[in-house]
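The values are calculated or read from the model by the stated rules, or taken from the named source; none is laboratory data. Computed from a predicted structure; not experimentally measured. Because the Cβ atoms are built from the backbone with ideal geometry, glycine has one as well, and the counts that use them run over all protein chains shown. Note: areas computed on protein heavy atoms with side chains; ligands, DNA, RNA excluded. Shrake-Rupley method; radii C 1.70, N 1.55, O 1.52, S 1.80 Å.
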Amino acid sequence: MLTRAITGLFFIIVLIGALLLGEVVFTIFFSLVGIGALYEFYGIVKSEDNKPNIILGMLSAIVLSVLIGIHCIGYIPFKFVWLFIPFFAAIFIVSLYQKSKLPFNDIAYTILGIIYACLPFLFFVALGFISGTFNYYIPLGFLIILWANDTGAYLSGRSFGKHKLFERISPNKTWEGFIGGVLFAMLIALNLEQYFGSLAKWEWVTMAAIIGIFGTLGDLVESMLKRSLGVKDSGNILPGHGGLLDRFDGLLIAAPLVFLFLLMLQ
């Protein structure tokens, strides 16, 4: 527990620091986290039958992350982001020259890793620029709401949890914890407008509902992934907490949906 607490505190300090140190540090840091999460994904899915093209997958993710990052900061128009397509196409073409037992399994896992493990962090980066210029309050608010949901779910589940939410995937999660987490996240979001501005109160609360619901589902999806592969943690980069996918599982589905919601308001 001590190791877990120390790691958690250090983890939060680093995340907040990356947000407060400006657009370049923010973009680079969370892009690197996404690339690290992709590397974890490839590590846990790789087997005798499934051999994702790690080199091409990582290269494609790096190119995509760099292009989106420099677009968000304002150095290139969005049309240049599509330059990642040749790297994406190479994943298919290179498989022709590899003697793989199940080539389309390899292709599928290579592409799935980019979509599932890396792309959500690029949506999170884009949240910092959703208003046209860098505004760290929105991604910071996202993280605060995500942590509030986790805290509320844990406390509610411990105190009132009786009805299993998804026992087949996660035996410890309950409906009471799920509802408590969403309500606590929305309560915290009610106060963010006063301190952070940037969004209207109803927008913060709606954002909290999206994060609470789909963050929990993202957690379940990541648990489903680990159960299907027979692994306990996605990695060991964070002592006591597992890997990057373990710590950011709530972001993986919630971040793209929050981005979509805020984009529709522009």
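The table below gives the values:
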quantity	calculated
Segment 44-55, subset surrounded by fewer than 15 Cβ atoms within 10 Å (Cβ to Cβ) and of a type outside the set (D, E), residue farthest from the chain's Cα centre (by Cα)	S47
Residue match in segment 56-72 (condition: more than 22 Å from the chain's Cα centre (by Cα) and farther than 21 Å from D249 by Cα)	no
Qualifying positions in segment 201-229 - open to solvent by less than 30 Å² (accessible area, probe 1.4 Å) and of a type in the set (S, T, Y)	T216, S223
Within segment 72-83, tally of residues that are open to solvent by less than 60 Å² (accessible area, probe 1.4 Å), assigned to a helix (DSSP H, G or I) and either under 14 Å from L38 (Cβ atoms) or free of Cβ contacts under 8 Å to residues at least 12 places away in the same chain (or both)	0
Conditions (1) assigned to a helix (DSSP H, G or I); (2) surrounded by fewer than 15 Cβ atoms within 10 Å (Cβ to Cβ); number of the one not met by K232	(1)
Tally, over segment 178-195, of residues that are within 21 Å of the chain's Cα centre (by Cα) and more than 15 Å from I211 (Cβ to Cβ)	0
Residue match in segment 114-123 (condition: farther than 28 Å from L21 by Cβ and either in contact with a Ser or Thr (Cβ under 7 Å, 6 or more places away or on another chain) or without any contact (Cβ under 8 Å) to a residue 12 or more places away in the chain (or both))	yes
Any pair with Cβ under 6 angstrom, 6 or more apart, that starts in segment 11-37 at a residue that is free of Cβ contacts under 8 Å to residues at least 24 places away in the same chain and part of a helix (DSSP H, G or I) and ends at one that is of a type in the set (F, W, Y) and open to solvent by less than 20 Å² (accessible area, probe 1.4 Å)	A18/F26
Residues of segment 56-71 classified as within 17 Å of A37 (Cβ to Cβ), β-branched (V, I, T) and without any contact (Cβ under 8 Å) to a residue 40 or more places away in the chain, total	3
Criterion (touching a strand residue (DSSP E or B) at 6+ places or on another chain (Cβ under 6 Å) and assigned to a helix (DSSP H, G or I)) met by exactly one of G177, G152, G157, G141	G157
Residue in segment 160-200 that is most open to solvent (accessible area, probe 1.4 Å), counting only those that are of a type in the set (S, T, N, Q) and more than 30 Å from L263 (Cβ to Cβ)	N172
